[in-house]
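Nothing in this text is a laboratory measurement; each read-out follows from the coordinates by a stated rule. All values derive from a computational prediction rather than experimental measurement. Neighbour counts are summed over all protein chains in view; Cβ atoms, including those assigned to glycine, are modelled from backbone coordinates with ideal geometry.
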Amino acid sequence: MTERRGVGVSGELGREAVADLAALAEDCGYDNFWINVNRRDQDPVGLVAAAAGRTKFEIGVGVFPLDRYTPDEVAEDVAAAGLSDPRFIFCISSGRATTGILDLDRRGIEALRKASPKSRVGIGGYGPKVLALSGAIADVVNINWMTPERVGWATEQIAAGAREAGRPMPALYLYHRVAQGPNAADIIADELTRYRSNPVQVKHQATMGDPHFIGIAAMTREEIAPQLAPYLGICIPVIKPKPADPTDVADWKRLVRFFSPKG
């Protein structure tokens with residue numbers, strides 16, 4: 001079986017760069033491409049449309065944070081752009097909302113299904129209740145910052161929700177940070193630490209024993225496969241390159257090539 005591997009890029013790069021990176025990723029053998037957004041002014045729907053115009057593979061948004069968008073706003077944007085196709089994946093999360101999280105996720109999924117009936121919809125989250133809900137109502141689950149052991153645990157929660165709802169298991173995509181160079185491990189470890197500004201992340205990382213590092217740090221391509229191997233077969237890894245300068249499109253392209261299935 002061919003290994004499934006995706007790549008995710010920042011929505012801050014803008015339409016032209018995201019479209020170029022999507023086309024490059026498809027040429028490099030990735031079979032899915034994700035756009036990370038956290039602000040409305042990053043124009044996630046426009047970014048998907050731009051990437052779709054240059055490619056034929058899966059394109060996902062991970063994720064629309066519903067503490068900054070309402071479910072209706074997300075749905076209106078998607079519907080207005082006419083984005084409804086099986087290769088599109090629209091994922092939502094509760095963001096930093098602290099109350100009514102499960103209801104917010106339900107409303108987000110319902111709104112997106114109406115707005116884009118041919119596309120797949122998904123939920124991003126960490127806790128057992130959100131993961132079980134994902135299994136019960138979502139087509140895709142988007143997870144983040146997880147050790148292989150925690151992915152296994154998450155799979156159990158999702159599968160339990162799917163069984164209870166009488167549904168098939170949703171596809172599981174994992175955002176997985178990667179960096180290349182002599183300070184690659186430090187780059188990833190620093191980002192993992194920065195995520196602890198989010199109370200949800202504090203709790204999530206504590207469940208894994210507050211690991212210092214989760215990701216792939218490599219100097220050569222030969223170092224990639226052994227670090228990726230524990231995740232294969234339990235999820236679809238979506239590598240998230242970490243360029244030294246997050247606005248350097250040329251470095252994004254270099255890293256997309258370096259970590260690609262084809263090389």
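Can you confirm whether the range 6-24 contains a residue that is within 18 Å of V140 (Cβ to Cβ), surrounded by fewer than 20 Cβ atoms within 10 Å (Cβ to Cβ) and under 14 Å from the mean Cα position of the chain (by Cα)? No, because not a single residue in the range 6-24 is within 18 Å of V140 (Cβ to Cβ), surrounded by fewer than 20 Cβ atoms within 10 Å (Cβ to Cβ) and under 14 Å from the mean Cα position of the chain (by Cα).
Scanning the range 102-148 for residues that are under 24 Å from F213 (Cα atoms), out of contact with any helix residue (DSSP H, G or I) (no Cβ under 7 Å at 6 or more places or on another chain), surrounded by 20 or more Cβ atoms within 10 Å (Cβ to Cβ) and among the β-branched types (V, I, T) gives no hits.
Within the range 236-253, residues that are free of Cβ contacts under 8 Å to residues at least 12 places away in the same chain have Cβ atoms under 9 Å from residues that are surrounded by fewer than 18 Cβ atoms within 10 Å (Cβ to Cβ) and part of a loop (DSSP other than H, G, I, E, B) in these pairs: D251/A244; D251/D245, counting only partners at least 6 apart in sequence or on another chain. Among the residues making up the range 188-232, those that are assigned to a loop (DSSP other than H, G, I, E, B), of a type in the set (A, V, I, L, M, F, W, C) and touching a helix residue (DSSP H, G or I) at 6+ places or on another chain (Cβ under 7 Å) are M208, F213, I214. If I go through the range 99-126 residue by residue, how many of them are part of a loop (DSSP other than H, G, I, E, B) and touching a residue at least 60 places away in the same chain (Cβ under 8 Å)? Counting residues in the range 99-126 that are part of a loop (DSSP other than H, G, I, E, B) and touching a residue at least 60 places away in the same chain (Cβ under 8 Å) gives 1. The number of residues in the range 55-92 that are more than 17 Å from N36 (Cα to Cα), surrounded by 15 or more Cβ atoms within 10 Å (Cβ to Cβ) and in contact with a Lys or Arg (Cβ under 6 Å, 6 or more places away or on another chain) comes to 1.
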